Amino acid sequence: MLEKSKKDSINYINKIEFIDAKVVNATSEHAGYLQHHLRPTDIRECMIVGASPWAALHEPLRDPNGKTWTIIINNKPCAMFGVSDISFDKEYRSAVIWLLGSNLCEEEPLKFCRVTKRIIDILLIDYDILENLVPIDHTKTIKWLNWLGFQFAKKATTINGFQCVRFVRCNLSENMAWD
């Protein structure tokens with residue numbers, strides 16, 4: 001695992017300063033706002049996993065094994081994101097990473113991308129592996145995840161009848177490979 005720095009740990013992620021955005025601990029008010037402003041692709045991702053936008057945004061706030069934040073751009077919640085621990089011990093730490101956002105992500109792409117790039121780098125200080133699934137036809141999301149440095153499984157996974165692809169980013173020096 002990468003050497004941890006106190007100022008760059010997930011416990012300090014909401015203290016990182018950005019010129020034109022901020023990251024704060026997520027609240028139910030952020031979730032309430034975003035549930036009515038999600039991008040169509042994010043609503044579809046909720047549907048694929050069998051969750052309403054309300055549940056997908058509010059449930060992580062109560063996850064004892066996770067952390068949830070909100071990206072604020074132009075004084076509005078742009079996206080909520082978080083991690084939920086899969087494995088959390090001294091030798092190996094992995095988490096499911098997720099993000100659900102509003103159209104502000106695409107209206108302010110430079111601000112959104114700058115913030116998310118820094119967030120991923122910070123999360124990888126505390127985690128060996130970050131992973132999740134994305135619908136295979138969400139090409140914009142896949143391009144963004146690729147830009148963030150995630151790698152993709154070679155084979156699709158079917159979730160509730162929809163083709164998805166697993167994405168992973170690790171802080172290990174060697175890349176993982178899938179068949």
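None of the figures in this text is laboratory data; all of them are computed from the coordinates on show. Note that the structure is a prediction, hence the values are computed from the model and not measured. Cβ atoms come from the backbone with ideal geometry, glycine included; neighbour counts cover every protein chain shown.
Simple spin-label model, 7 Å along Cα-to-Cβ: residue 114 to residue 11 in nm?
Using points 7 Å along Cα→Cβ, the separation is 2.9 nm.
Skipping prolines and chain starts, which residues have an amide H placed within reach, meaning under 5 Å, of the one on residue 164, given they are 5 or more residues away or on another chain?
Long-range HN contacts for residue 164: 136, 157, 158, 159.
How much of the DSSP beta bridge set in segment 6-132 is antiparallel, as a percent to the nearest 5? Numbers along the way, then the final one.
Working: 22 of 25 bridges.
Within segment 6-132, antiparallel bridges account for around 90 percent of the total.
Can you tell me how much longer the chain between residue 19 and residue 55 gets when fully stretched, taken as 0.36 nm per residue apart minus their C-alpha distance, in nm with one decimal?
So the extension gain works out to 9.8 nm.
Going by a ≥ b ≥ c, the root eigenvalues of the Cα gyration tensor, does the chain fall in the rounded group (a/c under 1.5), the prolate group (a/b larger than b/c) or the oblate group?
In terms of gyration-tensor shape, rounded.
Charges only on Cβ, +1 for Lys and Arg, -1 for Asp and Glu: so what's the dipole of the chain about the Cα centre, in debye to the nearest 20?
On the way: 22 positive and 22 negative charges, 53 e Å.
Dipole size: approximately 260 debye.
Kindly provide the helix-only [θ] at 222 nm of the chain, computed as the sum of -39,500 (n - 2.57) over DSSP H runs of four or more divided by all residues, to the nearest 500 deg cm²/dmol?
Mean residue ellipticity at 222 nm (helix-derived): -8500 deg cm²/dmol.
Defining a contact as two alpha carbons under 8 Å apart and six or more residues distant in sequence, what relative contact order in percent does segment 6-132 show?
Across segment 6-132, relative contact order equals 27 percent.
Mind ranking 15-22, 80-87, 62-69 by how tightly packed they are, going by the mean number of other C-beta atoms within 10 angstrom, highest first?
Details: 15-22: 12.9, 80-87: 19.6, 62-69: 14.8.
Sorting 15-22, 80-87, 62-69 by mean packing, highest first, produces 80-87, 62-69, 15-22.
Which of rounded, prolate, oblate describes segment 26-109, given a ≥ b ≥ c as roots of the alpha-carbon gyration tensor eigenvalues and a/c under 1.5 marking rounded, otherwise prolate only if a/b is larger than b/c? Write out the running numbers ahead of the final one.
Working: a/c = 1.91, a/b = 1.61, b/c = 1.19.
Prolate shape, in that a/c is at least 1.5 and a/b is the bigger ratio.
Just subtract the alpha-carbon distance of residue 33 and residue 155 from 0.36 nm times their residue separation and send over the number in nm, one decimal.
Net length gain for the segment: 40.3 nm.
Among all helices in the chain defined by DSSP H, which have a length of 20 Å or more along the axis from Cα atoms plus a Kyte-Doolittle mean of at least 0.5? Walk me through the intermediate numbers first.
Working: long enough: 109-126 (26 Å, 0.71).
The answer, listed by residue number, is 109-126.
Suppose R0 equals 25 Å; then what is the FRET efficiency for residue 139 and residue 103 from their Cβ-Cβ distance, rounded to the nearest 0.05? Kindly include the intermediate steps, with their values, before the conclusion.
Details: r = 17 Å, r/R0 = 0.68.
The value I calculate is 0.90.
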